[in-house]
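The values are calculated or read from the model by the stated rules, or taken from the named source; none is laboratory data. Predicted model, so just to flag it, every value in this text is computed and none were measured. We place every Cβ from the backbone using ideal geometry, glycine too, and count neighbours over all the protein chains shown.
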Amino acid sequence: MTEPPVVTSLFEAHLTVTDLDRSIAFWRDVVGLPVALEVPERGAAFLWIGGPGEAMLGLWSAGSAPLGSAPMGASLHIALGVSLGDVLRACDALRSAAVAPLSFFGTEATEPSVIGWMPAAAVYFRDPDGHLIEYLAMLDEPPRPESGIVSWSEWPATKPAAKPVRVERYQGARDDLRALFAEAESSERELESYLDAGDVLVARVADRIAGHLQLVEAAAADASEIKNMAVDATHRGRGIGRTLIAAAVDVARDRGHASLVVSTAAADVGALRFYQRSGFRMRAIERDAFTPAAGYAEGERSDGIELRDRVWLDRLTSSDTRTSRACAPPPHAPR
Ligand SMILES: CC(C)(COP(=O)(O)OP(=O)(O)OC[C@H]1O[C@@H](n2cnc3c(N)ncnc32)[C@H](O)[C@@H]1OP(=O)(O)O)[C@@H](O)C(=O)NCCC(=O)NCCS
């Protein structure tokens, strides 16, 4: 079974009230909570607890509570604070526990919903009593109420024009990038073995590091290897990954290397698409590379596929990205 998300806090609780205005006044003026959002047409209001994004109280006039399939008063709704990575993995984790992941709208979901005004990513499910439970992570970006409630994959397209991205060689402590490295490496043991290796390029957006790419010497003499790369979850889908690959191709070429190689899990369908869209072609399969002995959890899954085999891909560093005979002997034969 896929590991469940690590719950770090109770993010949100909801109360059913008979007179919404009276209750808003009570929680605002008597208890001192700032109103985050009022939605009169849905008979709802939300108040922050401990400042914006810390925790939230939802007030619902009787009969208007979200996804209310159980009789009012019988179905409660709570939100559990988890990391963004765990929200993104929550659909898989719930499904592997035979629990249906739900969208904000109560339909069966394969990805989180994004609530634009907060903004937060969330996956919903019901406990055995029909109570509505939510895994939630606040997103580290400005609220966009105008985006409404959308799916995680739709969210990037609702963003205003992307800020310019600057790629540069990283000079700081590798430990400061550990969380980003861990986005692409679930084995702590493996990560420890290579965290300090090679060179790291970082993509900065308004001076903030939004992604990284680690470049090491490949097993073959005339190739560089992308050992680890990730883009911060809130910056994905805007071409930053592709920009980092283009910079890595330039660095590898400057080193006199004819090709750039990379490996990823055969189960990681998204990464396989990303690398092929970035000019790589498949070269070799290394079976049973992701084992518990190497620090990968038993039964770990990606895209619903068990994490077992590794795929090696490569591309030329010349402007002709078609892998030709020049790239012939596999840079990495399967072990
Ligand atoms: C893989 C990753 C680095 C891509 O970064 P990104 O900035 O989102 O990628 P880009 O926006 O440059 O995308 C380039 C193309 O790849 C596609 N793509 C990127 N990630 C994808 C995913 N997970 N699933 C499907 N397609 C994906 C994009 O849709 C885009 O395709 P298009 O040309 O049709 O528009 C990023 O998703 C990530 O950090 N993932 C978690 C860590 C990871 O998987 N690392 C690499 C594998 S070890």
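Side notes on the structure shown:
- Residue in region 251-267 that is farthest from residue 222 (Cα to Cα), counting only those that are away from the ligand (no atom under 16 Å from the Cβ), in contact (Cβ under 8 Å) with a residue 40 or more places away in the chain and outside any strand (DSSP E or B): 251
- Checking residue 214 against (1) out of contact with any Leu (no Cβ under 6 Å at 6 or more places or on another chain); (2) more than 12 Å from the ligand (Cβ to nearest atom); (3) assigned to a strand (DSSP E or B), the condition it does not meet: (2)
- Selection from region 234-246 of residues that are closer than 24 Å to residue 190 by Cβ and surrounded by fewer than 18 Cβ atoms within 10 Å (Cβ to Cβ): none
- Region 139-192: number of residues that are basic (Lys, Arg) and either within 18 Å of the chain's Cα centre (by Cα) or exposed (fewer than 13 other Cβ atoms within 10 Å of the Cβ) (or both): 4
- Filter pass, residue 201 being in a strand (DSSP E or B) and either crowded, with 20+ Cβ neighbours inside 10 Å or within 12 Å of the ligand (Cβ to nearest atom) (or both): yes
- Selection over region 79-113 of residues that are in contact with a Ser or Thr (Cβ under 6 Å, 6 or more places away or on another chain) and either of a type in the set (Phe, Trp, Tyr) or outside any helix (DSSP H, G or I) (or both) gives a count of 6.
- Residue within region 274-281 that is within 16 Å of the ligand (Cβ to nearest atom), part of a helix (DSSP H, G or I) and either modelled with pLDDT under 95 or crowded, with 18+ Cβ neighbours inside 10 Å (or both) present: yes
- Counted residues, region 217-239 - those being near the ligand (Cβ under 10 Å from one of its atoms) and modelled with pLDDT of 95 or more: 6
- Checklist (1) farther than 27 Å from residue 244 by Cα; (2) part of a helix (DSSP H, G or I); (3) modelled with pLDDT under 90 applied to residue 326, failing item: (1)
- Restricted to region 81-112, and to residues there that are surrounded by fewer than 18 Cβ atoms within 10 Å (Cβ to Cβ) and of a type in the set (A, V, I, L, M), the residue that is modelled with the highest pLDDT is 100.
- The residue list 193, 153 contains one member that is in a loop (DSSP other than H, G, I, E, B) and either within 13 Å of the ligand (Cβ to nearest atom) or under 24 Å from residue 300 (Cβ atoms) (or both), which is 153.
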